[in-house]
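Below: one structure, written as C-alpha cells.
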Amino acid sequence: MKQTLASDLDAALSGLLAKYAVRPAGPWRLFDGRGAHEPSDGAVALVPGWALGPIEPSGHTIPLFPWRRERRFVELKRLVDDRTIEPLLMVRFACLTDGRELALDEILYREIDLAEWLGGSRVARLHGTVAEGRAANVVLRLESGVVCGIEAGTTLPSGTPMQDRHELIARRGVASDRAVDTQVAQSSIYLWSDRGSRRHTDVDFELFECDAGRAALVRSALAALREPERAAARRAEHRRLRRLVALVFESDRRRERLPVEGGVA
C-alpha cells in the first residue's frame, strides 16, 4: 500500500479495507472527533466515542474506542490476559491535556473505559472529586475487586501535547506503558534546526506518518466495518460509559461514593 498521510483518514482506512478485502455494506465516513460528524449523504459515521458527548448516537453512527487498538494498551492487556502479571490488584492512571485536545469529561470517558478493558471487569462503584471543571480525581472499584485511581486534568499550557501514564499493579509484577522513570513520552527521532525542533515516531508499518492516536483510530474503524453486527453493542457500550462519566460529576456534587446500577457492590 502506498504511504498514507495522517491528515487523510478516509484514504488511510480505504487502503486497509482494500488490502484486507473488507467490503462495507454501504458508504461510510471516518471522523477524528473535531467539528461536525454527521454525514449529509446518510453514510455511516465512524466517530471516537468521547466526541459524541451525551447525545444518543443515531443508527448511522458507530462509536469507536481507538485506545483499545493502540499498541501500548494492547500489550498491557496481553500481560493481564496471559497472566504474566497476576493477580491484578490496582491500576493507576494519569492523563493531562491543555483542554483543547480532550476536555475533562472526554478524558474520563477514555480512562474509565481503559480501566474496565484492561482490568477485564466492569465498575461496581466510584467516588469522584472535581475541581473547577478542570481537574478530577476518581477512585473506581471493579466488580473483580480491583481498585483503580484516575487523575485527569486540562491544566497544561496551551499547545502542550497530552501527557499520560498507565500503570498496572499485581501481586506478581508491575507493568506500565511508559519506561521506568519516564515522565513524558519519548520519540524515536528528534530534529533540531534554525527553524525550530521536530520529533517523529512511526508506530504502524501500514500507516506511515500517522501518530499513535490516529493510527489507532483507523485500526478501530477497520474493526468496526469488519464487524457490522456489533454496531448496536458499541452504541450500548458508549451509553454506559457516558453514564459512568456523569456519575463521577454526581459523586462530586453529592460528596459521596456511589454504586453503579447493575454493578456488584
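Tabulated data
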quantity	calculated
Structure-derived volume of the Cα convex hull per residue in Å³: which label, when the choices are (1) 154; (2) 140; (3) 185	(1)
Order of 56, 106, 237 - criterion: other Cβ atoms within 10 Å of each residue's Cβ, fewest first	56, 237, 106
The chain, helix-only ellipticity at 222 nm - DSSP H runs n ≥ 4, -39,500 (n - 2.57), divided by all residues, nearest 500	-9500 deg cm²/dmol
Mean shadow area of segment 43-94, taken as a quarter of the surface of its Cα convex hull (nm²)	5.5 nm²
Where trypsin sites (Lys or Arg not before Pro) in DSSP loops with at most 10 other Cβ within 10 Å are excluded, longest remaining stretch of the chain	35-194
Summed residue charge, Cβ within 12 Å of residue 192's Cβ, Lys/Arg positive, Asp/Glu negative	+2
Residue 239 versus residue 188: modelled label distance in nm, points set 7 Å from Cα along the beta carbon direction	4.2 nm
Total formal charge among the other residues, if their Cβ is under 13 angstrom from that of residue 165, Lys/Arg +1 and Asp/Glu -1	-3
Relative contact order, percent, the chain [alpha-carbon distance under 8 Å, six or more residues apart]	26 percent
Nearest-20 debye value, segment 67-200 charge dipole, Cβ charges on Lys, Arg, Asp, Glu	300 debye
Least to most buried among 197, 176, 187 (fewest other Cβ within 10 Å first)	197, 187, 176
Segment 60-93: chymotrypsin sites (Phe, Trp or Tyr not before Pro) in DSSP coil with no more than 15 other Cβ atoms inside 10 Å	none
Residue 257 versus residue 208: modelled label distance in nm, points set 7 Å from Cα along the beta carbon direction	5.4 nm
Ranking of 20, 109 by count of other Cβ atoms within 10 Å, fewest first	20, 109
Antiparallel %, DSSP beta bridges [both residues in the chain], to 5	70 percent
Vicinal HN-Hα couplings computed from phi for segment 52-61 (Karplus, 6.51 cos²θ - 1.76 cosθ + 1.60; Hz; Gly/Pro x)	7, x, x, 5, 5, x, 6, x, 9, 10
Farthest toward positive dipole pole in segment 67-200 [+1 Lys/Arg, -1 Asp/Glu at C-beta], among 189, 166, 112	189
Using a Förster distance of 22 Å, the FRET efficiency for residue 200-residue 14 (Cβ separation, nearest 0.05)	0.35
Efficiency of FRET between residue 174 and residue 72 - r from beta-carbon atoms, R0 22 angstrom, step 0.05	0.90
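Every read-out reported here was derived from the displayed coordinates using simple, explicitly stated rules and does not represent laboratory data. This one's a predicted model, so the numbers in the text were calculated from it and none came from an experiment. Methodologically, a virtual Cβ is constructed for each residue, glycine included, from the backbone with ideal geometry; neighbour enumeration extends over all protein chains shown.
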